[in-house]
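Working notes for the structure below.
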Amino acid sequence: CALPISDILRRPLDAAERATLGIRYGQLVRDAVLACPLVDGAAELLASVHGRVPLFVASATPEAELVDILTRRRLAGYFDRVFGHPTSKADAVRAAQAATGVPMEAIVFVGDARSDYDAALAAGCRFIGRQAPEGGAPFSGTGVPVVTDCRQIMEWWKA
């Protein structure tokens with residue numbers, strides 16, 4: 001059960017302060033995302049497949065914020081289209097398929113959350129799970145291929 005922010009602060013919270021705290025929280029999250037390292041092999045994988053296959057992003061992050069993050073990280077140019085909130089991940093896959101004409105069974109969704117797997121399943125495309133080495137097992141019981149970094153995806157791509 002989530003606590004109201006006023007319970008966390010242990011004092012009343014008016015709308016203006018709530019908005020200010022929300023903006024500050026968003027800035028802290030964005031700064032942390034911008035500072036985190038890429039998954040091992042991600043830069044090499046993107047460079048290798050860019051221009052050879054269409055690449056798309058599907059995320060629950062608000063779309064404008066997502067585009068800003070990808071631009072600042074110099075990654076936006078790799079992608080044909082970026083889909084963020086409010087577009088669902090499954091709808092993003094469907095839109096990417098419609099835009100490219102690639103058969104749904106030829107599309108591979110790489111994701112790091114169970115919601116990514118669920119979106120791929122709903123859309124009818126293939127899925128590769130990316131699981132952090134120290135993470136849990138969000139894809140257990142699914143039977144999908146699971147990798148810990150993008151070097152493994154690169155090996156699969158070259159095979």
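The values are calculated or read from the model by the stated rules, or taken from the named source; none is laboratory data. Worth saying up front: this structure is predicted, and the values here are computed from it rather than measured. Using ideal geometry, Cβ is built from the backbone for each residue, glycine included, and neighbour counts are taken over all protein chains shown. Accessible surface is based on the protein model in full, side chains and every heavy atom, while ligands, DNA and RNA are left aside. Shrake-Rupley method; radii C 1.70, N 1.55, O 1.52, S 1.80 Å.
Placing dummy labels 7 Å off each Cα toward the beta-carbon, the span from residue 68 to residue 9 is 2.2 nm. Of the residues 29, 39, 110, the one that moves most in a GNM of the chain with alpha-carbon contacts below 10 Å is 29. Of 117, 25, the residue with the largest accessible area leads and the full order is 25, 117 (1.4 Å probe).
For the set 140, 88, solvent exposure ranked by accessible area (probe 1.4 Å, protein chains only) runs largest to smallest as 140, 88.
Here r is the Cβ-Cβ distance between residue 156 and residue 132 and R0 is 22 Å; the resulting FRET efficiency, rounded to 0.05, is 0.75.
Placing +1 on the Cβ of every Lys and Arg and -1 on the Cβ of every Asp and Glu, with nothing else charged, gives the range 21-131 a dipole about its Cα centre of roughly 100 debye.
Only helical runs count toward this figure. For the chain, summing -39,500 (n - 2.57) over DSSP H runs of n ≥ 4 and dividing by all residues gives -14000 deg cm²/dmol at 222 nm. Judged by the mean number of other Cβ atoms found within 10 Å, the most tightly packed of the peptides 96-108, 141-153 leads the ranking 141-153, 96-108.
In percent, what relative contact order does the range 34-130 have, based on Cα pairs under 8 Å that are 6 or more apart in sequence? For the range 34-130, the relative contact order is 22 percent. Probe 1.4 Å, all protein chains in place: accessible area of residue 155 in Å², nearest 10? Accessible area of residue 155: about 130 Å². Local charge for residue 111 was computed over the other residues whose Cβ lies under 9 Å away, with Lys and Arg +1 and Asp and Glu -1, and equals +1. Judged by the ratio a/c of the largest to the smallest principal axis of the C-alpha gyration tensor, the range 1-58 counts as prolate, that ratio being 1.5 or greater while a/b is larger than b/c. Shape summary of the chain, radius of gyration then Dmax from alpha carbon positions: 18.1, 60 Å. For the chain, the solvent-accessible area with a 1.4 angstrom probe is 63 square angstrom per residue.
For the range 109-157, the calculated P(r), taken from all Cα-Cα distances in 10 Å bins from zero up to the bin holding the longest distance, is 27, 58, 15 percent.
The Cα trace of the range 69-159 gives Rg and Dmax of 13.6, 37 Å, the first to one decimal, the second as a whole number. Split the accessible area of the chain by element, probe 1.4 Å, and carbon with sulfur accounts for 57%.
Applying 0.36 nm per residue to the separation of residue 21 and residue 98 and subtracting their alpha-carbon distance, the gain on full extension is 23.7 nm.
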